[in-house]
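What follows draws every value from the coordinates through simple rules; no lab data is involved. None of the values given here were measured: they were computed from a predicted structure. All Cβ positions, glycine included, derive from the backbone under ideal geometry; neighbour counts span all protein chains shown.
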Amino acid sequence: MASYESRRIGKLLSKYIESDSKILDIGCGYGDKIDELMSLGFANVSGVEINKTLVGMACDKGLNVVAVDSFDMEQNKERYDVLVMSHIIEHFQYQDLIQFMESYLGCLKHGGLLLIATPLMNPSFYDDFDHVKPYTHTGILSIFGGKATQVQYHSQHTLKLIDLYYLRLAYQLKFYRTLEMHTLLYRVPRTINRLFHLIYRLSFRLIGQPKAWIGLFRKN
């Protein structure tokens, strides 16, 4: 079953693009989001992935996925209607991220869409060991928004934010020794966390802590 986030990404794209749109999932991993998009009727979806083991696994599933070093930027110039960068940008320092985004934005058609899904700063952000830093849509637009801002660099590509969605998770007590060490008192914060999760579910995911954002940008 697709994750809530994958379903949200699919629903968001369905509002803006046609079923024959050419979509590239950058850093596609096992291809879960490709599967979700294809299940929604998007037949022209491909992926690029740096981990060659994952590339092989995705290809074994019948998905159109290639390794990064096999992806020809020049050959794919302005080829795609949609680029998907899901849980990618938080793994870069800002200098490397600018170069990374610049290279792939060259593959996006004029008027095409870039979807970014990425975590916000939250108590669990650095639980993923190779997370480098969180980015906001405002920070992305300071480089790619085409406006004069007090930053060292501005992109040759211009993006406009056209839709934005925040993902929330239940509030949770985290930095408590009793939770980590399972001391005699660990049941107290665990019970509180269960109550927080119940409130989150009963509120249809509205009452919770913002954990990530999904932004849809148009290339001008």
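Diagonalising the gyration tensor over the Cα atoms of the chain and scaling each eigenvalue by 5 before taking the square root yields semi-axes of 33, 21, 18 Å, largest first. Pick out which of R190, R168, R177 has the largest mean-square fluctuation in a Gaussian network model of the chain, springs linking Cα atoms closer than 10 Å. Maximum among the listed residues: R177. Once you have a ≥ b ≥ c as the square roots of the Cα gyration tensor eigenvalues for the stretch 151-220, tell me rounded if a/c is under 1.5, and otherwise prolate or oblate according to whether a/b is larger than b/c. It comes out oblate by the Cα gyration axes. Annotation: lysines with alpha-carbon distance below 23 angstrom to K109 (same-chain offsets under eight excluded): K11, K15, K22, K33, K77, K147, K160, K219.
Note that the stretch 120-133 has calculated 3J(HN,Hα) couplings of 8, 5, 8, x, 9, 4, 8, 5, 7, 4, 9, 5, 9, 6 Hz, one per residue in order, obtained from phi through the Karplus relation 6.51 cos²θ - 1.76 cosθ + 1.60 (θ = phi - 60°); glycine and proline are x.
As a test of the formula, what do you get for the chain when each DSSP H run with n ≥ 4 contributes -39,500 (n - 2.57) and the sum is divided by the residue count, at 222 nm and rounded to the nearest 500 deg cm²/dmol?
-9000 deg cm²/dmol
When you restrict to C-alpha pairs under 8 Å that are six or more residues apart and normalise by the size of the chain, the relative contact order lands at 18 percent. Scanning residues 5 or more positions from T158 or on other chains, those with amide H under 5 Å from its amide H are N220, with H placed 1.01 Å from N in the peptide plane.
Summing +1 for each Lys or Arg and -1 for each Asp or Glu among the other residues whose beta-carbon sits under 13 angstrom from that of I199 gives +4. Amide H contacts for L167 (H built 1.01 Å from N in the peptide plane; partners 5 or more residues away or on another chain; cut-off under 5 Å): K211, A212, W213, I214. Taking the charge dipole of the stretch 45-160 about its Cα centre, with +1 at Lys and Arg Cβ atoms and -1 at Asp and Glu Cβ atoms, the residue from I140, N51, I98 reaching farthest to the positive side is I140. Dividing the convex hull volume of the alpha carbon atoms of the stretch 75-170 by its residue count gives 113 Å³ per residue.
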